[in-house]
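S.K.: Have a look at this one.
The values are calculated or read from the model by the stated rules, or taken from the named source; none is laboratory data. Everything numeric here is computed off the predicted structure, so don't read it as measured data. Positions of Cβ are backbone-derived with ideal geometry, glycine not excepted, and every protein chain shown enters the neighbour counts.
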Ligand SMILES: Nc1ncnc2c1ncn2[C@@H]1O[C@H](COP(=O)(O)OP(=O)(O)OP(=O)(O)O)[C@@H](O)[C@H]1O
Ligand SMILES: [Mg+2]
């Protein structure tokens, strides 16, 4: 199968420059490709895999390639198959998380995990931590749940278990460690594995099972890693362990694009690599093939403001191209309108919508832009951030599915025990929780015990029994069904579809559509369109694989992936991608660079690298926009243009003048999806004004969505659907709602 004619080999090198060729055809061994954006690092990686197979005669089975997203993994596989002209089911290409998951799933016993362990995302983690704090009467102001979560994740990223964390006798740290320990216990009991755990567990799995380690070391002759600058300590250790003395490693990266320092990534890993992996060959690529020279020059100048760079040259043989357009919006609505109007022009000029990307620093910025796109009837898709699989209705449906697989999954049980409402109140859930905690059992078990010994009787007892019966019945009903049938059945029979259908307005409709989309996604999944699960199988096995995929890869395969829509994403998730036309919105002091990062030089440099990443996504045309007046956290503030704009060479910039309509400063609200501004409500000047469909947070009830509003001034009331607590009417003046 691997026989090649000389013609085949040269075709692997045909479309490469000399430095790229050197990298692709380097002998087996360790190699670092250090090069700037758009210089072909990812292309080199793909060609190198093909070379290893065709010329070095490695089996696909002997190759492990790590990409940054699952989408990138799919693309890499497709490109490889095209290059080699064969189907590559055996090759392991994926993110660190998906590969770790694969290891754990295969060796669940050695990893001391239940067979049907579930992956939990940040949202689930946070719920779990909030519950822990409540259960143990720990002050959540002193120990904010997010901080606890961050602490636990950082420990795991550094490879530390609770007993290994140094508290230095500090009481605060002691409490944190105790929380980590309790959190871990809860996860163990429920068979729950968070993202950090995936990596740490799989590292421990290999480290503590010499025979397994020997097996994988024997198997993987070559490991390849894209975006190496963003690996963290644990990932580095993982690679080192797996590579051992025998495997070769090819890593590619760009220190100027290191943007995950805040999440534990260590750009020093690049230097460490050169030192710790013997005989590393370092290759530099200097020609950029992506961008016009105007865009590239701007990027080069911008990044030159950072100190301590590893130093790389980047040039292009391409044309100068158009200048970079800068637009100062009157406010955020005006900024959004400019973007959408310009996109219309670009589409008229012949660009496909999917060739156009809108990038922003913070997720919250997308809403105004989304609303403008919707009003103008412009299709779009969001990549990254609050995505399909993170939406409330989808998480509810997934929670039912998880319960089918694993009744001990407390987080899922709690999520749906009263969704849709079935008369199980917070008091009853509280009883179950206490019981579960006191006896060290799952909520599911506590539910059964409380019913059978009469602790919960009457209406509450009946409601609990009905819920337990529902879950059992769903389990029975779905035996033998295919994955999408299972999901369809659960959507209907759990009452979720009905629940959202009866919700007023477009939001309910959108939720029902999302539930339907989940069925579509499941069908696509089993047909093997997504990711690398040749063993996805049928029924429950497929369900398990699907849930893992959903958790690993929230939103990556929305049903509209192939639709021709404008692409919206955060700058972080744009890494590695390229688009003919790019807008970077909100280029303002405090937003970008983010105000949390402005004080500290190190973090400011990371913001600048993020800007470098953004600018270098553009191939032909780049727009930078900002708003002079922006609604942030419910207040209107005057904004100043970002320092990053001033750092760009003036001769490459062109200011776009206001044209057409200018929107007036509106003290009112953002309109909700398709709703008029009259639907907004405000209780007074010093309170946030809110609109229907808006997400809010309440100190007691958590996060929810505004369904209804009535009255003005003192009497203004809103109806909010809270995720765990159901719908409530609240008086705005008292409710302390914070817009999200
Ligand atoms: N030798 C070449 N000839 C023509 N096009 C090339 C060549 N090398 C790379 N390209 C093209 O240049 C673009 C950038 O390549 P690639 O995405 O591999 O760069 P990269 O270094 O990985 O960028 P980033 O740092 O953003 O991840 C792609 O469209 C790629 O196909
Ligand atoms: Mg790349």
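S.K.: Among the residues of region 8-42, write down those that are within 9 Å of ligand 1 (Cβ to nearest atom) and buried (at least 19 other Cβ atoms within 10 Å of the Cβ).
M.R.: Passing the criteria: 20, 33, 35, 36, 37, 38, 39, 40, 41, 42.
S.K.: Exactly one of these conditions fails for residue 279: (1) assigned to a loop (DSSP other than H, G, I, E, B); (2) surrounded by fewer than 17 Cβ atoms within 10 Å (Cβ to Cβ); (3) in contact with a helix residue (DSSP H, G or I) (Cβ under 9 Å, 6 or more places away or on another chain). Give me its number.
M.R.: (3)
S.K.: Something else now. Looking at region 577-627, which of its residues are within 16 Å of ligand 1 (Cβ to nearest atom), surrounded by 24 or more Cβ atoms within 10 Å (Cβ to Cβ) and in a loop (DSSP other than H, G, I, E, B)?
M.R.: Passing the criteria: 616, 617.
S.K.: Take residue 53 and tell me if it is surrounded by 20 or more Cβ atoms within 10 Å (Cβ to Cβ), closer than 15 Å to residue 90 by Cα and within 11 Å of ligand 1 (Cβ to nearest atom).
M.R.: So residue 53 does not fit the description; no.
S.K.: Touching a residue at least 12 places away in the same chain (Cβ under 8 Å), outside any strand (DSSP E or B) and touching a strand residue (DSSP E or B) at 6+ places or on another chain (Cβ under 8 Å) - does that describe any residue in region 83-90?
M.R.: No, because not a single residue in region 83-90 is touching a residue at least 12 places away in the same chain (Cβ under 8 Å), outside any strand (DSSP E or B) and touching a strand residue (DSSP E or B) at 6+ places or on another chain (Cβ under 8 Å).
S.K.: Looking at the structure I just gave you, is residue 80 within 16 Å of ligand 2 (Cβ to nearest atom), assigned by TED's automatic domain parsing to the domain that holds residue 270 and in a strand (DSSP E or B)?
M.R.: So residue 80 does not fit the description; no.
S.K.: Something else about it: Can you name the condition, by its number, that residue 239 falls short on among (1) at pLDDT 95 or above; (2) within 16 Å of ligand 1 (Cβ to nearest atom); (3) closer than 26 Å to residue 28 by Cβ?
M.R.: (2)
S.K.: Continuing with this model, one more query. In region 315-430, which helices (runs of 4 or more DSSP H) lie fully inside it and hold 2 or more residues that are in the same structural domain as residue 610 (by TED's automatic domain parsing) and modelled with pLDDT under 95?
M.R.: Result: 332-349, 366-375.
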